[in-house]
1. Answer yes if at least one residue in the stretch 241-252 is loosely packed, with under 11 Cβ neighbours inside 10 Å, of a type in the set (V, I, T) and farther than 30 Å from D343 by Cβ, and no otherwise.
2. Would you pick out the residues in the stretch 86-130 that are in a helix (DSSP H, G or I) and either touching a residue at least 60 places away in the same chain (Cβ under 8 Å) or of a type in the set (V, I, T) (or both)?
3. Between L346, L339, which is part of a strand (DSSP E or B) and out of contact with any Ser or Thr (no Cβ under 7 Å at 6 or more places or on another chain)?
4. Just to be sure I understand the filter: pairs with C-beta atoms under 6 Å, separated by 6 or more residues or on different chains, first member in the stretch 331-346 and under 7 Å from A304 (Cβ atoms), second member among the small types (G, A, S) and surrounded by 12 or more Cβ atoms within 10 Å (Cβ to Cβ). Which pairs pass?
5. Has the stretch 277-285 got any residue that is surrounded by fewer than 17 Cβ atoms within 10 Å (Cβ to Cβ), in contact with a Ser or Thr (Cβ under 9 Å, 6 or more places away or on another chain), within 18 Å of E320 (Cα to Cα) and at pLDDT 95 or above?
6. Return the only residue of I272, I233 being surrounded by fewer than 18 Cβ atoms within 10 Å (Cβ to Cβ), at pLDDT 95 or above and of a type outside the set (K, R).
7. Is there a residue being acidic (D, E) and under 19 Å from R69 (Cα atoms) anywhere in the stretch 196-204?
8. Quick one: would you say V348 is of a type outside the set (G, A, S), more than 25 Å from D49 (Cβ to Cβ), over 38 Å from the mean Cα position of the chain (by Cα) and at pLDDT 95 or above?
Amino acid sequence: MKRSQKFMVLSLMFLALVVSTSCGKSGKEVEAATDTRIPVETATVEEGDLTQYLVLSGKTEPQNSIIVRPKIAGAEKLVSLQVKTGDKVKGGQVIAVLEQSNVAIQLNSTQLAYDEALKNYEKNKVLFEMGAIAQNAFEQIETAYKQAENNLKVQQLNYDNTIIKAPFTGIVADTSAEVGDLVSGQTNIATVVKVDKLDINTSINESQIKKITLGDEVKVMIPAQGDQVYQGIIEEISPTMDEALKAYPVVISVDNGEGALKAGMYAQVELITDLHENTLQVPTRAVLKRDGVASVFVIEEGKAVKKEILIGISNNDNTEILEGLAPGENVVIKGNEDLVDGDAVLVVNGGEKA
């Protein structure tokens, strides 16, 4: 066969293949290939309660933190340190002990003097009541007894101060001394923090401060704890502005009874600033804003129709509609960015609720 004849045969075979393939497509496939409608997703305009909230940030801090120091006048050796960083302690638990030999001797001597003064007082009290001794003589004996009693209390306190105890139930944040150190009233032995409740220090601007009050419940999110939401309480609202922040300091407490939270964790606080009941609303992503004008696209007879609206409060999910829409209308929530008024659209989700 000649080259020209072979080329003609191959061409006819290719043409037949193309025709056969085209004829094999269904009507729907051909229609879809030529459909110029823009696919969109919609939601239904409806009524309901709508809250607007403000998100503030801060860090968790212990509600109470105390540096434990000896209550002694001079200096003594640290002979025992019974805790380490991270230990849980109860209020009154012994955490350290100082050298006690000197104060123990003084306490013993003072105890003996007190016991002798007490015996003398009790014996002479009987005699005085019988009229056997003069009043001024008994008063001197009574004064000596009370002095001995006071001396004993002082020496007992000096001895007790060699035993260093936790000021409250909490956690040892750090230890600053070692066994063998010579310590005084200015020496840091340990730091104990109270973490069954944590504080979050944050601030709020002057336009929002009038919308919160002491005791308000708030949502607290700790990113390090995943999606867990904690309940917080507004404990303090400063009456004066922090000039550096240009905002009012606010303290929020959050329960940490299970100890899952650690001091220093980043926190987000969600405060409700407005609540509108039974108001018309649409998903926030349906609202388009340009040159200060808000609008949405609604679906009418298969076309996108642009409508200007007047909006009220808003949050990440929904926006309040004051004018421009009616309940039951379908607004475009996805695919609306590039729509032009009058575009033919294809609704692909059947209309979700707001």
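The values are calculated or read from the model by the stated rules, or taken from the named source; none is laboratory data. Since the structure is predicted, the reported quantities are computational estimates derived from the model, not experimental observations. Backbone-built Cβ (ideal geometry, glycine too); neighbour counts: all protein chains shown.
1. There is no residue in the stretch 241-252 that is loosely packed, with under 11 Cβ neighbours inside 10 Å, of a type in the set (V, I, T) and farther than 30 Å from D343 by Cβ.
2. Answer for the stretch 86-130, where residues must be in a helix (DSSP H, G or I) and either touching a residue at least 60 places away in the same chain (Cβ under 8 Å) or of a type in the set (V, I, T) (or both): V103, I105, T110, V126.
3. Working: L339 fails: part of a strand (DSSP E or B).
Just one listed residue meets the conditions, L346.
4. What qualifies is L339/A304; D343/A304; V345/A304.
5. yes
6. I233
7. Taking every residue of the stretch 196-204 in turn, none turns out to be acidic (D, E) and under 19 Å from R69 (Cα atoms).
8. So V348 fails the test.
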